[in-house]
Each structure stands twice: as structure tokens, then as C-alpha cells.
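Participant: Before anything else, here's the structure in question.
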Amino acid sequence: MMNRLPFLFLSSCAFSSTLAQRWNIVYIMSDDHSYQAISAYGHQLSKQAPTPNLDRIAERGMLFRRAYVENSLSTPSRACLMTGMYSHQSGQRTLDCPIDADAPFVSEYLQMSGYQTCMVGKWHMLCEPKGFDVYHILSGQGEYYDPRFRSKETDGKYVVEKGYATNLITDHAIQFLETRDKDKPFALFVHHKAPHRNWMPPLDMLNLYEDVEFPLPETFYDNYETRGQAAHDQQMSIAKDMEMCYDLKVTQIKPGMGYTHERNGDSFRHQLSRMSPEQRQAWESVYIPRGEAILTSHLSGDDLLRWKYQHYIRDYLRVIHSIDEQVGRLLDYLEDNDLIDNTMIVYTSDQGFYMGEHGWFDKRFMYEESFRTPLLVCTPGMKGGEKSDALVQNIDFAPTFLDIADAEKPRQMVGTSLLPLMSRGGKSPKGWRKYLYYHYYDHPAEHNVMRHDGVSDGRYKLIHFYGSKGSYDELYDLKKDPNELRNVYASKKYANHLSRLQEQLETFRREQKVDEW
Ligand code: SGN
Ligand code: CA
């Protein structure tokens, strides 16, 4: 096929921001990291499990309170990052639907404009890494312990590396920084596997938070009273779908014991079988007694549900603690090597995640916890501690990086550079988007979330669910109902907002040539 990478113009005026001076770029993205678990966001959970190193980025720069994804799932979100396009434009609509292999990647543009580029960690896309001088990528979703990586040097073969994924990915990032071409600016993409399911902590953190009782989210017992079918039919509930063995590491679970259906038991046993005797010993010395304690206590009903929540959250936050430490290590390196004053640093996630809100784990929905994603950015010379309420989306990263590289934004990129917004203390510049478009396509699939698209203006949100079982809409007022418990679609009081959002949704679909899929 023809290479569709268009000629790239270096621009000295039109699209470039006076702020950027071809800084280096360090883009750190974790996998399924909720904003509720970053202390800079101030949520209850993170008060008991702070993330001082991630907060350093916010202290130096800006925290985005309204950062969103377009499609709350890994590979589609990564495609938005790499292409600056919506899912239907890149082709990567679901986890398995392959990206258009000819879609130009931001890494290719960065290379063309003189950057040295590197990708370490979870790649997960159904195409080869493109536009990277150096890469060390995990196999598929990746493994937590002794993960397999491949790079240009391994001739396409995966090779096991001893250690914990988050540390090894950081090692590779630092290795790149040590050996890079010092005559060029660099763009380093650090993509953590953590804290993706099934939340396996580093072996020296297995007991962290064991004595901490984390608060239940306000919406933990949501009964979806005002919602349509999708919220009722999902299979991501802690009560019904979180598995005792795979998710909560109760290794003694056997069929017929009356616990949650154990779909992933085999893959858990496979994870255990990959451990070295020392790893296995460290692991079992902690999880076997925990498993015994829960089984002999014969908890059921709400007691069992609360136990599941605590054990889920503790493992998740252990994994976060190690991300925080390793990001701190990378920031220290940048500081110690005089790179902090000419590097943009981004910390984000491929989407948000449910920490028990609405009784759920996982993501996929256009409801806030999964639609929103954490975003902390610092650039040289910022005053620090700033917050932005502007509507930003993961399609904006590619244009931002090209703005930094002083390169013109190619026509197919629908996102917008964040730099003008950052130079205005986070306030939206004239003409900034007033609506966000969202579209989730992955159904039928694991967790059984219906297909839906929608628009949000940051306060009002219209969601259109559709699929083989029919279609319906929901409307939320986030100011009056931040937890999205009251669907006001049928309320006359909201008729004006409803028709405004309906019109916006139609306009998006028409202009972006997208529809039900
Ligand atoms: C795996 C997980 C799912 C998760 C998807 C997508 N199941 O399939 O719980 O929703 O990844 O996650 S597991 O049994 O394999 O753990 S994503 O972040 O890659 O989009
Ligand atoms: Ca993810």
C-alpha cells in the first residue's frame, strides 16, 4: 500500500505557539489509572494512598479537571494518541478491530521534524510500532512479573526480562535517555502496563495498606433506577463479576464452592506458573493465609461484597504506589540531568476506571469515571499548581507534540494543541471546543457494555445507547447530579438542553462522518 505520510512542513508561524521551543517530550501513560487514585485530584481514596511523585508534575505545571478520552478502551485510546483522530477515522474502534496500518503516526511526524523517538512498555496495537528509533515493547497486555519484551535488537522475538514490569519499563526509559543522540530533541513514550487488571503488586508491596479501610464510594450501591438497559446488563460489577481467584487472588477457590463464576482461573494459574520459586514463595506467603481467612470466615452478601471491595482497592493502590515511585525515579533523572528545563512532561492514562462507583470495576461507559482520564502536564517555565477546566481529549496529544516540534498539524488530525491553553493559565482560548464527542463500539464483548455515542459540554451529557436490542438515550446534569444517578432525559425542565445536545450530536456525526456501527 501507498505510504500516506504527507509531506511535513516546519512552521515558523501559523500553528506554532511562541511558548514551545522544540522541547523534549516525555509522555507517561499508565493503563487504567483512575483520577480518583491520584492525590493531586483530591479524592477521598487518594488521601489514604497519596501519589507524591505524580503530584510533582501538577505542582510544576497544570492539572486538567476535564480531560477525556473518545473511546474508553486501550487500543482505541492508543490509536487516538498516535493519530490525533477519532476511532472511526483510524479504524481502531474496538480492542480487536485493527487500526488502518497506513494511518500516519505522530511518532513518524516527530522523526521527520528531527526528533529522536522512543517507545517503552505497553504498545498493544495491532500494528508494528511506527516512527520509533528505539522501542522495547511488551507482549499484548503484558505481564507484571518477569514480562516479555521485544525490541529492534531481538529480531521480533519476545525475550523474558527478570523483574517487575513498572520498574523494567522505567529502566528502559532511563536507558534510552542515557544513550540518546544528544544533538537531537527527543520524544519518549513511557507506557505502563500497570495498573491493568488483575492488579498484581510488586512483591515488596504485598502488605502495603493491609490495615487501611478504604471508604466506599457514594454510589457503591447504585441500583441504576433511572437508567436504561446498558447499566443493568453490564458485567463489570464487583458483586457479580469480580472473580475471587483471578481478581482477588484467593487461590484455594474451586468450582462448586458457591463463589463468583471463575472464568479466568486458568489464566491466573498460568500467571502463577510463570513465577520463579522465590517469587511464588513471596506471593503465597501473603495470599494463601489471606485466602484461608476469607474462606473460613464464610462471609456472604454485603459482608463479602465489602471484603471484595477492600481487597480490590488495596491491590490496585499497591500497584499505583509502585507507579508513583517509578515516575519519581524518572523525574529525578530528568532533574539530575538538567533536562527538566527543556522538557514537556505528561502523565495520563489510556482511560479512567471505576473504583467501585456504581458498584463497578473496568471502564467503557461514557459516565464520568471512565470517560474522564487523569491529565497532569508541565512545561518549562510554568508557574505551577495551575488547574484547567477546559474540555480536552486524547486526540489533542498528537497536535500538541507537533506544536512543540514547530511542525504544522496535518489535516487529518482532528485534535487541537494544548499549548495555547496552557499559556493562558488553563483558560480556553477563543474558538476552543465547547463539546466533546464520545463513541464506544466494543459490543458484544467482555463486560457486556452496549455500544453508545454521545456529546458533553462539561455540564450536560447526552448518551445514545444502541445495538441489536434496540436504542435509547440518557441525559445528565453534572452540576446538580455529579454522580450521574438521575437520568433526566424525560424531564420537561431539560427540554432545551436536550434539543441543543441532540443538535450537537447530529452535527458531530454529520461533520465527522460517523454513525451507529
Ligand atoms: C482484558 C481484561 C478486561 C478488560 C480488557 C480491556 N480481562 O481483556 O477486564 O476490560 O482487558 O482492557 S482479563 O481477564 O484479561 O484481565 S484494556 O485496558 O486493554 O482496554
Ligand atoms: Ca486500559
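Participant: Determine, yes or no, whether residue 181 is in contact (Cβ under 8 Å) with a residue 24 or more places away in the chain, open to solvent by 30 Å² or more (accessible area, probe 1.4 Å), over 29 Å from residue 276 (Cβ atoms) and among the acidic types (Asp, Glu).
Facilitator: In short, yes.
Participant: For the range 265-284, state whether one or more residues are charged (D, E, K, R), open to solvent by 10 Å² or more (accessible area, probe 1.4 Å), within 30 Å of residue 443 (Cα to Cα) and within 16 Å of ligand 1 (Cβ to nearest atom).
Facilitator: Taking the range 265-284 first, the residues charged (D, E, K, R) are 266, 269, 274, 278, 280, 284.
Right, trim to open to solvent by 10 Å² or more (accessible area, probe 1.4 Å) and you get 266, 269, 274, 278, 280, 284.
Okay, now just the ones that are also within 30 Å of residue 443 (Cα to Cα), so 266, 269.
Cutting the leftovers down to within 16 Å of ligand 1 (Cβ to nearest atom) gives us 266, 269.
Within the range 265-284, one or more residues are charged (D, E, K, R), open to solvent by 10 Å² or more (accessible area, probe 1.4 Å), within 30 Å of residue 443 (Cα to Cα) and within 16 Å of ligand 1 (Cβ to nearest atom).
Participant: Go through the residues of the range 68-86 one by one and say whether even a single one is more than 16 Å from ligand 2 (Cβ to nearest atom), out of contact with any helix residue (DSSP H, G or I) (no Cβ under 8 Å at 6 or more places or on another chain) and of a type outside the set (Phe, Trp, Tyr).
Facilitator: no
Participant: So, in the range 89-102, how many residues would count as being in contact (Cβ under 8 Å) with a residue 60 or more places away in the chain and surrounded by fewer than 20 Cβ atoms within 10 Å (Cβ to Cβ)?
Facilitator: Of the residues in the range 89-102, 5 are in contact (Cβ under 8 Å) with a residue 60 or more places away in the chain and surrounded by fewer than 20 Cβ atoms within 10 Å (Cβ to Cβ).
Participant: Would you point out the residue of the range 411-444, among those that are open to solvent by less than 40 Å² (accessible area, probe 1.4 Å) and outside any loop (DSSP other than H, G, I, E, B), that is nearest to residue 240 (Cα to Cα)?
Facilitator: Taking the candidates together, the pick is 440.
Residues checked against (1) touching a helix residue (DSSP H, G or I) at 6+ places or on another chain (Cβ under 9 Å); (2) open to solvent by less than 10 Å² (accessible area, probe 1.4 Å):
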| position | (1), (2) |
| --- | --- |
| 293 | no, no |
| 306 | no, no |
| 312 | no, yes |
| 318 | yes, yes |
| 338 | no, no |
| 343 | yes, yes |
| 349 | yes, yes |
| 353 | yes, yes |
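Participant: Considering each residue of the range 198-238, count those that are without any contact (Cβ under 8 Å) to a residue 60 or more places away in the chain and closer than 26 Å to residue 319 by Cβ, and give that number.
Facilitator: Qualifying residue count for the region: 2.
Yes/no per residue for (1) β-branched (Val, Ile, Thr); (2) modelled with pLDDT under 95; (3) away from ligand 2 (no atom under 16 Å from the Cβ):
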position	(1), (2), (3)
318	no, no, yes
322	no, no, yes
327	yes, no, yes
331	no, no, yes
344	no, no, yes
347	no, no, no
353	no, no, no
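Participant: Listed residues 484, 506, 474; which is among the acidic types (Asp, Glu), modelled with pLDDT of 95 or more, closer than 22 Å to residue 434 by Cα and assigned to a helix (DSSP H, G or I)?
Facilitator: Matching residue, one of 484, 506, 474: 506.
Participant: If I filter the range 373-408 down to residues being within 15 Å of ligand 1 (Cβ to nearest atom) and not in a helix (DSSP H, G or I), which single residue comes out as surrounded by the most Cβ atoms within 10 Å (Cβ to Cβ)?
Facilitator: Residue satisfying both the conditions and the ranking: 373.
Participant: I'd like to verify a number: residues in the range 309-364 that are basic (Lys, Arg) and either outside any helix (DSSP H, G or I) or within 16 Å of ligand 1 (Cβ to nearest atom) (or both), how many?
Facilitator: So the answer is 2.
Participant: Still on this structure, please answer the following. Does residue 447 satisfy the criteria of being within 16 Å of ligand 1 (Cβ to nearest atom), on the phi > 0 side of the Ramachandran plot, in a loop (DSSP other than H, G, I, E, B) and under 21 Å from the mean Cα position of the chain (by Cα)?
Facilitator: Against the criterion (within 16 Å of ligand 1 (Cβ to nearest atom), on the phi > 0 side of the Ramachandran plot, in a loop (DSSP other than H, G, I, E, B) and under 21 Å from the mean Cα position of the chain (by Cα)), residue 447 qualifies.
Residue-by-condition table, conditions (1) touching a Leu at 6+ places or on another chain (Cβ under 8 Å); (2) at pLDDT 95 or above; (3) surrounded by fewer than 17 Cβ atoms within 10 Å (Cβ to Cβ); (4) of a type in the set (Ser, Thr, Tyr):
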site: 189; (1), (2), (3), (4): no, yes, no, no
site: 207; (1), (2), (3), (4): no, yes, yes, no
site: 210; (1), (2), (3), (4): no, yes, yes, no
site: 259; (1), (2), (3), (4): no, no, no, yes
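Participant: Of the residues 151, 113, only one is of a type outside the set (Phe, Trp, Tyr) and closer than 30 Å to residue 273 by Cβ; which?
Facilitator: Working: 113 fails: closer than 30 Å to residue 273 by Cβ.
Result: 151 is the single residue among 151, 113 that is of a type outside the set (Phe, Trp, Tyr) and closer than 30 Å to residue 273 by Cβ.
Participant: Can I ask one more? Residue check: is residue 229 in contact with a Leu (Cβ under 8 Å, 6 or more places away or on another chain) and either open to solvent by less than 70 Å² (accessible area, probe 1.4 Å) or of a type in the set (Lys, Arg) (or both)?
Facilitator: The answer is no for residue 229.
Participant: Looking at the range 473-495, I want the residues that are more than 13 Å from residue 368 (Cβ to Cβ) and have a partner that is of a type in the set (Ser, Thr, Tyr) and in a helix (DSSP H, G or I) with Cβ atoms under 8 Å, at least 6 apart or on another chain. Which pairs are those?
Facilitator: 475/494; 488/494
For every residue, the table says whether it meets (1) in contact with a helix residue (DSSP H, G or I) (Cβ under 7 Å, 6 or more places away or on another chain); (2) open to solvent by less than 20 Å² (accessible area, probe 1.4 Å); (3) within 23 Å of residue 391 (Cα to Cα).
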position: 468; (1), (2), (3): no, no, no
position: 481; (1), (2), (3): no, yes, yes
position: 487; (1), (2), (3): no, no, yes
position: 492; (1), (2), (3): no, no, no
position: 495; (1), (2), (3): no, no, no
position: 500; (1), (2), (3): no, no, yes
position: 508; (1), (2), (3): no, no, yes
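The values are calculated or read from the model by the stated rules, or taken from the named source; none is laboratory data. Predicted model, so just to flag it, every value in this text is computed and none were measured. Every residue, glycine as well, gets a Cβ built from its backbone with ideal geometry; the counts of neighbours run over all protein chains shown. Surface areas here come from the heavy atoms of the whole protein model, side chains and all, with no ligands, DNA or RNA. Shrake-Rupley method; radii C 1.70, N 1.55, O 1.52, S 1.80 Å.
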